[in-house]
Amino acid sequence: MAEKTSRFPGFYKLTLAERVSKIADWADLSVEEAAVLNGGGLQPQQADMMIENALGTFELPLGAACNFLINGKDYIIPMAVEEPSVLAAVSNAARKIRAGGGFQTESTDPVMIGQIQVLDVPDMETAVAAITSHKAELLQTANECDPVIVKFGGGARDIYGRPLPHTPIGPMLIVHLHFDCRDAMGANAINTALERLAPRIAEITGGRTSLRILSNLADQRTAAARAVVPADKLATGDLSGTEVARRIEEANAFAVADPYRAATHNKGIMNGIDAVVIATGNDWRGIEAGARSYAGRNGRYTALTDWHVNENGDLSGEITLPMAVGMVGGATKVHPTAKTALKILGVKTATELGEVIAAVGLAQNLAAINALATVGIQRGHMRLHARQVAMAAGASNNQVQRIADLLVQEKNVNIARAKELIAIS
Ligand code: MEV
């Protein structure tokens, strides 16, 4: 059998139905799973079971990013996002990275950090020592909260005290629990363990416990992706690949050094990351919180990526960030579209999912800074944005593309002009 490839040249030119059929074949989707893509997603009755005061559902476009080769395996990436250009840009960047052998990824174990706040501690040093001397007992108590995670090889890994001598209300002790969550995002597992541990922590430290909650700065649970783009793949009509590679290095250096630029640079990364996190039913606020705090962990907000010209003159890039995603529990197993998205992705573990997400972030960033450092992003973006403008101006489904084309031709992509064009068409 031919190797399964995620290279689908001309995928964007297919009709919606043709695209769904191609992806259904590729991912071996059942009729029901494919129907989910065609408006059969989350039903209001299911939404009513998921949140309080439900009114209905909120839809986002779901697209497929192509060309991803990660650790030698091909992936089609489902992405839920409302912003034009994101899918086209990331697929294009993944194609360039593919030419350099694709992405290489790695992860730490899926270890989340949980925190217990301890106040009114009589003696900090004695309290920290007490946590250490009771470590075995405390880890065992934490493990008793979730025998299933322990059965699958996860569970409590470490517990220790971190004094915070200077807070606005004076010193406090923070106890950190490290808990390996395996394929779960782990919020429930770790928060349950923290609540169970707190009374005993109060007893052995002589203090009073208050907050018991996980930290989204999941720096013990990171995913990393690396890629090399052969310089010649970056060449444009006007610029050599070597020149473009150098400009991308300069663009990255700007974001490393300047928080104003880093904020936008990282936003571009999160365009890709959030879209996969949402499509797979994961907690994108948690991933956002983790990424942003990790980018500022050394006291100055900086870029999440590094791009530089390597010794061969090619472009080397990498990204590392916290990656608290799960494949069990939460919306991943309840939301019909998330279930189908995970099937399309074909990942077997939460760790594999996290590594794919890191690769998407790296590719999305390459796409953005490649465009910014050469032609600028408006040219490509306006072409795609024009369709949304035409829709917002009230174009009917069969008018949208024609009105959008006219707006682009006139280099005048705005709602007022779109309304005029609709009125005279
Ligand atoms: C737009 O959504 C994202 C960019 O601003 C990212 C960047 O500037 O790197 C293009």
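Stretching the chain fully between residue 240 and residue 83 yields a gain of 53.5 nm (0.36 nm per residue, less the alpha carbon separation).
Backbone phi angles across region 368-378, fed through the Karplus curve with coefficients 6.51, -1.76 and 1.60 (θ = phi - 60°), yield HN-Hα couplings of 5, 6, 4, 5, 4, 7, 10, 7, x, 8, 5 Hz in residue order; Gly and Pro are listed as x. Shape of region 28-124 from its Cα gyration tensor (a ≥ b ≥ c, root eigenvalues): rounded if a/c is under 1.5, otherwise prolate when a/b > b/c, or oblate? Oblate, because a/c is 1.5 or more while a/b does not exceed b/c.
Per atom type, region 111-215 shows carbon and sulfur on 55% of its accessible surface, probed at 1.4 Å. I need the calculated FRET efficiency for the pair residue 257 and residue 288, taking r as the beta carbon distance and R₀ as 35 Å, to the nearest 0.05. Efficiency, from the Cβ-Cβ distance: 0.95. Ordered by 1.4 Å accessible area with all protein chains kept, 133, 210, 316 run largest first as 133, 210, 316. For the pairs 73/339; 233/411; 13/267, flag any whose C-alpha to C-alpha distance is greater than 31 Å. With Cα atoms farther than 31 Å apart: none of 73/339; 233/411; 13/267.
On region 360-425, 54 percent of the accessible area sits on carbon and sulfur atoms, based on a 1.4 Å probe. Residue-wise HN-Hα couplings along region 29-35, as the Karplus relation 6.51 cos²θ - 1.76 cosθ + 1.60 with θ = phi - 60° gives them from phi, are 6, 6, 4, 5, 5, 5, 5 Hz; Gly and Pro carry x. Magnitude of the charge dipole for the chain, about its Cα centre and with charges confined to Cβ atoms of Lys, Arg (+1) and Asp, Glu (-1), is about 820 debye. At 1.002 mPa s and 20 °C, plugging the Kirkwood radius over alpha-carbon pairs of region 380-424 into Stokes-Einstein gives what diffusion coefficient in µm²/s? The estimated diffusion coefficient comes to 221 µm²/s. Here each label is just a point 7 Å from Cα along the line to Cβ, and for residue 264 and residue 60 those points are 2.3 nm apart. Legend: calculated FRET efficiency, residue 328 to residue 379, from the Cβ-Cβ distance at R0 = 60 Å, rounded to 0.05, equals 0.90. Between helix 16-27 and the chain, what is the angle of the helix's C-alpha long axis to the longest principal axis, kept within 0 to 90° and rounded to the nearest 10? Compared with the principal axis, the helix lies near 50 degrees. Ignoring lysines fewer than eight residues from residue 333 along the same chain, the ones with Cα atoms less than 22 angstrom from its Cα are 151, 343, 348. By a 1.4 Å probe calculation restricted to protein chains, residue 417 has an accessible surface near 50 Å², given to the nearest 10.
Taking all protein chains into account, the per residue accessible area for region 1-116 stands at 56 Å² (1.4 Å probe). Note on residue 420/residue 12: beta-carbon distance plugged into 1/(1 + (r/R0)^6) with R0 of 41 Å gives a FRET efficiency of 0.90. Summarising the amide proton neighbourhood of residue 215: residues at separation of 5 or more, or on other chains, whose placed amide H is nearer than 5 Å comprise 113, 114, 115. What the phi angles of region 64-75 give under the Karplus curve with 6.51, -1.76 and 1.60, with θ = phi - 60°, is a coupling list of 10, 8, 9, 6, 7, 10, 10, 6, x, 10, 7, 10 Hz, glycine and proline written as x. A simple charge model with +1 on the Cβ of Lys and Arg, -1 on the Cβ of Asp and Glu and nothing else charged puts the dipole of region 111-215 at about 140 debye relative to its Cα centre. Quick one: among 320, 351, 15, which has the greatest mean-square fluctuation in a GNM of the chain with alpha-carbon springs under 10 angstrom? Of the options given, 15 has the highest mean-square fluctuation. Within straight-line reach of residue 419, meaning a Cα separation under 15 Å, sit the following aspartates and glutamates at least 8 residues removed in sequence or on another chain: 405, 410. For a test of the definition: using alpha carbon positions, the gyration tensor, and the 1.5 limit on a/c, classify region 121-261 as rounded, prolate or oblate. Prolate is the answer for region 121-261, as a/c is 1.5 or above and a/b outweighs b/c.
Short-range pairs are left out: with C-alpha atoms under 8 Å and at least six residues apart, the relative contact order of the chain is 18 percent. Annotation: per residue accessible area for region 380-424 equals 62 Å², rounded to a whole number [probe 1.4 Å, protein chains only].
The values are calculated or read from the model by the stated rules, or taken from the named source; none is laboratory data. Because the structure is predicted, anything quoted here is derived from the model rather than measured. Note: ideal-geometry Cβ built from the backbone for every residue, glycine included; neighbour counts use all protein chains shown. When the accessible area is computed, the model is the full protein with side chains, heavy atoms only, and any ligands, DNA or RNA have been set aside. Shrake-Rupley method; radii C 1.70, N 1.55, O 1.52, S 1.80 Å.
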